[in-house]
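Asker: Before we start, here is the structure in question, set down as structure tokens.
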Amino acid sequence: MPLLARVSTLLLLSLTIVAVLLAPLPASARRSAKKAWTPVAAEILMDAHSGKVLRAHNADRLTYPASLTKMMTLMLTFEALDRGTLRLNQRLVVSRHAASMPPSRLWLAPGSTITVEQAILALVTRSANDVAVVLGEALGGNEPAFARKMTARARRLGMRHTVFRNASGLPDRLQRTTARDMAILSRALIRSHAKYYAYFKRRSFDWQGDTVYGHNRLMARYPGMDGIKTGYIAASGFNLAASAVRDGRRLIAVVLGGHSADARDDRVADLLDAGFKRRTSPSRPAPVQPDLVITRNSASTAERSTAVSVAVPSVKPAATEAAAKKSAGGSWSIQVGAFASHAAAARSARDTAKRLGSLAAGASPAVVRSGGLYKARLTGFPAATADAACSALKTAGRGCFPVRGG
């Protein structure tokens, strides 16, 4: 065959191959590919007190939890703290396996250590995968064994469709969950671990001289929202389990499969708005937000000033004659922190009164001792003024919640 003919034949063959490769897929193949790569969009809105589902869409469709997995890692951590098998100031050694985890991470080095409290904060804010494995190995011996403990605990909670395969939520095709199961887990954390739940509202923490910021941006703009966890992998899309309180009523919203973080956050806000507008039959109010407590091991002066480290349940102190006189202007107080010393609590109460200015007119700084801690309060507010004062403090990034009585 002449050279020109051979070149023409090869050129024609090449064009044919290119045409086949560029040809559109059959409709069935396109649908299959789209199904394989499109995250499942699912959502649920739940009343935290009753567990009643107020809204749901695809709530039982299987999808991937992503970093919502870390909520179960934290639940087992909180339970170990309650049993005394872990301590907040206990140092955990970082294994080579933990240090090898891909981002998001704290970039822990093999053989280094991190305290349990630092690990909790790293999971809540940074969603650090290396730290999740450190906790998993401390509690389960190794990560696969810990994942089996996670799945067993999920079953006992009633999370019928969830399987955990690792401590972090990094991609694993067998690690699956549903929006309903994540709402059940959120509710269990809020109701059964109230003294640790305040960790979930942390938006930053100090780590080795740097400030580590969190991913949960909706808390900064949604009134009443105080947790709990974001998540993302390509297969899941953008996930968020959130909880908020208004007028003593707590709701839980879970959105899975958002196509962007902003779209996911907006959908969670829409669900919560709809839930709070919905009229319900009278029921016992949701538990009051737990006290925000500062431990002796707080990482920095900045953390101590915000009074957001460890939480313990509120204990209503016995009223004294002096407190009754101080609260004559109103029957509400606001609590702005709890401290290891009376002096620190008194200083916080005085500083808060100055910061509030006219909003604190008629209110008096007070310190209430409870459970070995000193609670900083301003007493003598009408209910509406107490709410307004706390709103102003929260806008400024300060911890606060109203308390009926002195």
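The values are calculated or read from the model by the stated rules, or taken from the named source; none is laboratory data. Computed from a prediction, not measured in an experiment: that's the story for all the values here. No Cβ is skipped: glycine too gets one built from the backbone with ideal geometry, and neighbour counts run over all protein chains shown. In case anyone asks, the SASA skips ligands and DNA or RNA and just uses the protein heavy atoms, side chains included. Shrake-Rupley method; radii C 1.70, N 1.55, O 1.52, S 1.80 Å.
Asker: Cβ contacts < 7 Å: first residue under 12 Å from residue 250 (Cβ atoms), restricted to segment 42-54; second residue among the hydroxyl-bearing types (Ser, Thr, Tyr), any location; separation 6+ or different chain. Result?
Answerer: 48/243; 49/283; 50/283
Asker: Got a sec? Which of 273, 265 is assigned to a helix (DSSP H, G or I), of a type outside the set (A, V, I, L, M), under 27 Å from residue 398 (Cβ atoms) and under 17 Å from the mean Cα position of the chain (by Cα)?
Answerer: 265
Asker: Report yes if residue 160 is surrounded by fewer than 21 Cβ atoms within 10 Å (Cβ to Cβ) and either in contact with an Asp or Glu (Cβ under 6 Å, 6 or more places away or on another chain) or in a helix (DSSP H, G or I) (or both), otherwise no.
Answerer: Criteria not met by residue 160.
Asker: Return yes or no: is residue 373 surrounded by fewer than 23 Cβ atoms within 10 Å (Cβ to Cβ) and either over 21 Å from residue 392 (Cα atoms) or in contact with a Gly (Cβ under 9 Å, 6 or more places away or on another chain) (or both)?
Answerer: In short, yes.
Asker: Would you tally the residues in segment 200-250 being of a type in the set (Phe, Trp, Tyr), over 10 Å from the mean Cα position of the chain (by Cα) and open to solvent by less than 30 Å² (accessible area, probe 1.4 Å)?
Answerer: Of the residues in that region, 3 qualify.
Asker: Take the residues in segment 39-74 that are part of a loop (DSSP other than H, G, I, E, B) and closer than 9 Å to residue 256 by Cβ; name whichever of them is most open to solvent (accessible area, probe 1.4 Å).
Answerer: For segment 39-74, the residue satisfying everything is 61.
Asker: Check whether at least one residue in segment 97-113 is of a type in the set (Val, Ile, Thr) and either within 29 Å of residue 275 (Cα to Cα) or open to solvent by less than 20 Å² (accessible area, probe 1.4 Å) (or both), and report yes or no.
Answerer: no
Asker: Output the residue which, of all residues in segment 130-157 that are among the small types (Gly, Ala, Ser) and farther than 22 Å from residue 95 by Cβ, is most open to solvent (accessible area, probe 1.4 Å).
Answerer: That would be 152.
Asker: Let me ask you something else. Taking the condition of being modelled with pLDDT under 80 and surrounded by 19 or more Cβ atoms within 10 Å (Cβ to Cβ), how many residues in segment 376-392 meet it?
Answerer: Of the residues in segment 376-392, 0 are modelled with pLDDT under 80 and surrounded by 19 or more Cβ atoms within 10 Å (Cβ to Cβ).
Asker: Against the conditions (1) surrounded by 18 or more Cβ atoms within 10 Å (Cβ to Cβ); (2) among the hydrophobic types (A, V, I, L, M, F, W, C); (3) within 15 Å of residue 54 (Cβ to Cβ), where does residue 276 fall short? Just the number, please.
Answerer: For residue 276, the failing item is (1).
Asker: Then there's this: Could you please find all residues in segment 166-199 being assigned to a loop (DSSP other than H, G, I, E, B), of a type in the set (A, V, I, L, M, F, W, C) and open to solvent by less than 10 Å² (accessible area, probe 1.4 Å)?
Answerer: 167
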